[in-house]
Amino acid sequence: MISFEPTEDQRLMVDSIAQFAKTTLRPRIRELEKARAVPDDVQKTALELGVGLVAVPEAVGGAGLGLLTAVLLEEELAFGDPAAGFALAGPGSLALAVTELGTEAQAREALAPFTDGTPRFGAVAWGEKKALAERAGLSTIAKRDGDTWTLDGEKAYVLNADRAEVFVVLAQVDPSKGFRGLGAFLVPKAAKGLTVAPRSTTLGLDAASFGGLTLEGVKVPEASRLAGGDDFDAALVRFFAKQSLVFAARSVGLSRAAFELTRAYVDERKSFGKPIGHFQAVAFTIADRAMDVDAARGMVWRAAAAWDARDKSDAERGDAPRVDERECLRQSAWAISFAHEAAMRCGDDGVQLHGGAGFMRDYAVEKLMRDAKQLQLCGLTAEHADQLAAAAELGVPIDPALVLPTAETQNAFI
Amino acid sequence: MTIEFSLSKRQIEMRDNVRMLATGVIRPQSLAWDRAGGVPEEFLRNLARLATSMGSSAMRSGLGEEGGKEKKKSSDSMQSNLGTVLATEELSWADGALLLSLPGPGLGGPPVRATGTPEQKERFFGIFKDQDAPLRWGAYALTEPAAGSDVAGIRTSCRKEGREWVLNGRKCYITNGARASWNVVFATIDPSLGRAGHRAFVVEKGTKGFGVGRIEDKMGLRASETAELVFEDCRVPEENLLGGEEKYASKEGFMTAMKTFDNTRPIVASMAIGIGRAAYDYACDFVKRHYVMSRPIPRYAAMAERLARVGRGLDAARTVTWRAAWLADNGHANAKEASMSKALGGQAAIRACIEAIEICGAEGAIAEDHQLLEKWFRDIKVYDIFEGTGQIQRIVISKRLISNLKSF
Ligand SMILES: Cc1cc2nc3c(=O)[nH]c(=O)nc-3n(C[C@H](O)[C@H](O)[C@H](O)COP(=O)(O)OP(=O)(O)OC[C@H]3O[C@@H](n4cnc5c(N)ncnc54)[C@H](O)[C@@H]3O)c2cc1C
């Protein structure tokens, strides 16, 4: 059955996050930006709301409410401040990485520290500064010696690198297999040989933190390898798609924020003796952005609902038809690129319709515009998403090369 | 309730039935109808019988159910807005013009249903009940040579003389207007009154003073009839004033015309999406055959990107269309969302048809090899024009978002 009505429980949760966004995040949006972090009192309130573990299955310590509930809540947080979802304490993408790639026991153990009510961060390190010219794959290498793996290499653009207590690091296990020869490892911050580079200055999302890692002879036991069940590559692609869908939900929240601020402004601001919203060029822009918001939100919901339907056991699903993984990937890829591009348009037109005032930091739209571009570059980019959507549609093998580093390596693969 | 997008068992069954019909029976005839400029009546009759047995309202009347019932329908039912939208996409995928040619009240149905008195509903819907009678159509005549988007500016006049109304004027671009058993015709008692002066009549075929002008020769949808209607001292009995005199005490007259659109726009949107998906599917097949199997490296990625954007645009429109239909099924206002669906659907589908031709390269534009692609390219443009142009949809949307906005 097609329905756009959230459950009563979801509505209550959405309302409480919306309240937090309205009374705390939005009024303090510039404070978070200047501090380049979320202040302790806000962290504390957010932890109590418990957004970080919403989608994590109950069996491994989460709330087990599914990806759909997660995207509903992430949208509300981002409506308050798009950086909040990235900067609030919690396992972040690490939760998705360990649930998709690890065994149940590994996921439970890795997530246990995050359930004790203290603000802690986790991170996933996949990015690297330079694509390899000589072969496809990652330059960070993992070598095995008996029960011990040794990791060497450099990771870049890692979200919350300087805050995380534990990382999932992606590395090349078998260089001869390119992007089909990768492995994932749990690495504690305290591991010998691991150094965290100072965080970067960024275009937007200042309250979040992006930085690099250097791994020099870092040793982890075989038990820390996340093997991805019987198909590591498929699990890795699922991780990327789901993670990026959560980011896309933040883009929806951002779009809505920019749209609402701008809609109010065009009512208020007058030129040539009437509200600027009464000029057709302005009104049509408002209509176009309204369509962007509605379409992006619906698409993110659809993709999240598809994953939840796929992840249900036969018993839980009952009569409902099985949803195939390709369909989930296609819907996610469509939703991700659409939501990010819509957010960019909403931010851009938001500043445009504010005129000179939009360029000033007195108004939030300039921050939203910067955040939108930054958000678009977290997780799957539009270029990745397009290739993934087409591959899912055309029956081309789905491969980590479709979601990992650069366009050149993808082309080399294809 | 919960947010959910998988179809119910019933909906899947219905969609699969319609799909079978679409691929096996309709699509193979599509080009021939385009060439001949019409769908044979025999085909329409058989299809109508089949549709009744399948219970699909989308196929029975083209646009919505013909009965006068107003009861709320579960989204699961095929008569619901959602059910209609789902079936419409499938049928339009097979052939756009066919959907507009289906016998039944067509676009004339919604205003009669929304505004007609019980006797009028009985009279005007009654003629469609008998399956063995000759095929019959209803139609909706609002547009005039000098008033299309600016609906309030219609000039066709009406004045009361005794127990009759006398109509004078011209209507143009009326779908099924010539063959219709009746047309819902909008006229004005006094153009200076604007909307308050509007009246809607059901003008029956054969009424004295009512004639058909030219039948249009069109870019696309050539199998659908588009007619000019002429009224010269056309005498319409007072019983044919839709809703009776008291309906027009306020601005209701104009609202009658507009109410129709909240339900029909998502349907028209899904017609567009159906044609867009036809082109998208075709292009996907082409790329699979020419690029995936043989994989010339640089071009595959470029083609993949184009396909992804086309598929994505159609899916964005589809999602918004489903929501507009779902809102209506659940008794919520949906004027804004209905307009969004129409604006997005038309544009996404036009994009799809243009891109599909480009993806298939030179072959795409050469009618001999890719006749269907060429046909869809011609068919699709009008979906951003009729039932309110893309610009008009944006006016409807922005009026609901910006304070005190009257018009432009
Ligand atoms: C195949 C076909 C079937 C049709 N079937 C029917 C039918 O069954 N019944 C019926 O009544 N009509 C029917 N129509 C008519 C259709 O609804 C009109 O063509 C449509 O509403 C546009 O009106 P117009 O052609 O007068 O264009 P115009 O109103 O002249 O518009 C011309 C252009 O100006 C733009 N424009 C106009 N006003 C504004 C404004 N205020 N702001 C910004 N832009 C504006 C429009 O968007 C358009 O791009 C049909 C048309 C076609 C082509």
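The values are calculated or read from the model by the stated rules, or taken from the named source; none is laboratory data. Keep in mind that what you see is a predicted model, and the values were worked out from it rather than measured. Counting neighbours? That spans all protein chains shown, and the Cβs are built from the backbone with ideal geometry, glycine included. We work out accessible area using only protein heavy atoms, side chains counted, and drop any ligands, DNA or RNA first. Shrake-Rupley method; radii C 1.70, N 1.55, O 1.52, S 1.80 Å.
A few notes on this one:
Quick grid of which residues meet (1) under 23 Å from the mean Cα position of the chain (by Cα); (2) more than 19 Å from B:Leu86 (Cβ to Cβ); (3) open to solvent by less than 10 Å² (accessible area, probe 1.4 Å); (4) at pLDDT below 95:
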site	(1), (2), (3), (4)
B:Leu229	yes, yes, yes, no
B:Phe261	yes, yes, no, yes
B:Ser270	yes, no, yes, no
B:Ala302	no, yes, no, yes
B:Ala324	yes, no, yes, no
B:Ala333	yes, yes, no, yes
B:Lys336	yes, yes, no, no
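- Residues of segment A:272-286 that turn out to be open to solvent by 70 Å² or more (accessible area, probe 1.4 Å) and outside any helix (DSSP H, G or I), as a count: 3
- Among the residues here, A:Asp267 qualifies as assigned to a helix (DSSP H, G or I), at pLDDT 95 or above, in contact with a Ser or Thr (Cβ under 8 Å, 6 or more places away or on another chain) and at negative phi.
- Here A:Arg326, A:Arg345, A:Arg310 are screened, and the one residue that is modelled with pLDDT of 95 or more, farther than 30 Å from A:Glu260 by Cα, part of a helix (DSSP H, G or I) and within 14 Å of chain B (Cβ to nearest Cβ) is A:Arg326.
- Leading residue by the ranking (farthest from the other protein chains (Cβ to nearest Cβ)) among those in segment A:348-376 that are among the aliphatic types (A, V, I, L, M) and in a helix (DSSP H, G or I): A:Met369
- The residues in segment A:166-181 that are closer than 18 Å to A:Thr99 by Cβ and either open to solvent by less than 10 Å² (accessible area, probe 1.4 Å) or free of Cβ contacts under 8 Å to residues at least 60 places away in the same chain (or both) can be counted, and the count is 4.
- Condition check for B:Ile392: at pLDDT 90 or above, under 30 Å from A:His278 (Cα atoms) and crowded, with 16+ Cβ neighbours inside 10 Å: yes
- Screening the candidates B:Trp165, B:Trp93, B:Trp137 for the property of being within 13 Å of the ligand (Cβ to nearest atom), among the hydrophobic types (A, V, I, L, M, F, W, C) and away from chain A (no Cβ under 14 Å) yields one hit, B:Trp137.
- Test: residue in segment A:34-49 that is part of a strand (DSSP E or B) and not assigned by TED's automatic domain parsing to the domain that holds A:Arg256: no
- Matching residues in segment A:183-207 - criterion: being among the polar types (S, T, N, Q) and not in a strand (DSSP E or B): A:Ser200, A:Thr201, A:Thr202
- Yes/no for B:Glu252 being in contact with a helix residue (DSSP H, G or I) (Cβ under 9 Å, 6 or more places away or on another chain), at pLDDT below 95 and open to solvent by 30 Å² or more (accessible area, probe 1.4 Å): yes
- In segment A:337-347 there is at least one residue that is buried (at least 24 other Cβ atoms within 10 Å of the Cβ) and of a type in the set (S, T, N, Q).
- All positions within segment B:187-227 that are open to solvent by 30 Å² or more (accessible area, probe 1.4 Å) and within 12 Å of the ligand (Cβ to nearest atom): B:Ile215, B:Glu216, B:Asp217, B:Lys218, B:Met219, B:Arg222, B:Glu225
- Within segment A:116-137, the residues that satisfy the criterion of being at pLDDT 95 or above, open to solvent by less than 40 Å² (accessible area, probe 1.4 Å) and out of contact with any Gly (no Cβ under 6 Å at 6 or more places or on another chain) are A:Phe121, A:Ala123, A:Val124, A:Ala125.
- Qualifying residues in segment A:314-323 (those that are small (Gly, Ala, Ser) and either surrounded by 15 or more Cβ atoms within 10 Å (Cβ to Cβ) or within 14 Å of chain B (Cβ to nearest Cβ) (or both)) - the one nearest to B:Ile3 (Cα to Cα): A:Ala320
- If the condition is being within 8 Å of the ligand (Cβ to nearest atom) and of a type in the set (A, V, I, L, M), then segment B:377-399 contributes B:Val382, B:Ile385, B:Ile392, B:Ile395.
- Residue check, B:Ile402 in contact with a strand residue (DSSP E or B) (Cβ under 9 Å, 6 or more places away or on another chain), open to solvent by less than 20 Å² (accessible area, probe 1.4 Å), within 16 Å of the ligand (Cβ to nearest atom) and within 23 Å of B:Val151 (Cβ to Cβ): yes
- Selection of segment B:305-341 for residues being closer than 16 Å to A:Gly298 by Cα, assigned to a helix (DSSP H, G or I) and more than 10 Å from chain A (Cβ to nearest Cβ) yields only B:Ala338.
- Exactly one residue among A:Arg289, A:Arg269, A:Arg302 is more than 10 Å from chain B (Cβ to nearest Cβ), open to solvent by 10 Å² or more (accessible area, probe 1.4 Å) and in contact (Cβ under 8 Å) with a residue 24 or more places away in the chain, and that residue is A:Arg269.
Okay, residues lined up against (1) within 14 Å of the ligand (Cβ to nearest atom); (2) open to solvent by 10 Å² or more (accessible area, probe 1.4 Å); (3) modelled with pLDDT under 95; (4) part of a strand (DSSP E or B):
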{"position": "B:Gln79", "(1), (2), (3), (4)": "no, yes, yes, no"}
{"position": "B:Ala87", "(1), (2), (3), (4)": "no, no, yes, no"}
{"position": "B:Leu107", "(1), (2), (3), (4)": "yes, yes, yes, no"}
{"position": "B:Arg113", "(1), (2), (3), (4)": "no, yes, yes, no"}
{"position": "B:Phe124", "(1), (2), (3), (4)": "no, no, no, no"}
{"position": "B:Phe128", "(1), (2), (3), (4)": "no, yes, yes, no"}
{"position": "B:Arg155", "(1), (2), (3), (4)": "yes, yes, no, no"}
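- Cβ-Cβ under 6 Å pairs, at least 6 apart or on other chains, segment B:380-399 side more than 13 Å from B:Phe261 (Cα to Cα) and part of a helix (DSSP H, G or I), far side of a type in the set (Asp, Glu) and near the ligand (Cβ under 9 Å from one of its atoms): B:Gly390/B:Asp384
- Count of residues meeting criterion [within 7 Å of another protein chain (Cβ to nearest Cβ) and open to solvent by 20 Å² or more (accessible area, probe 1.4 Å)] in segment A:380-394: 1
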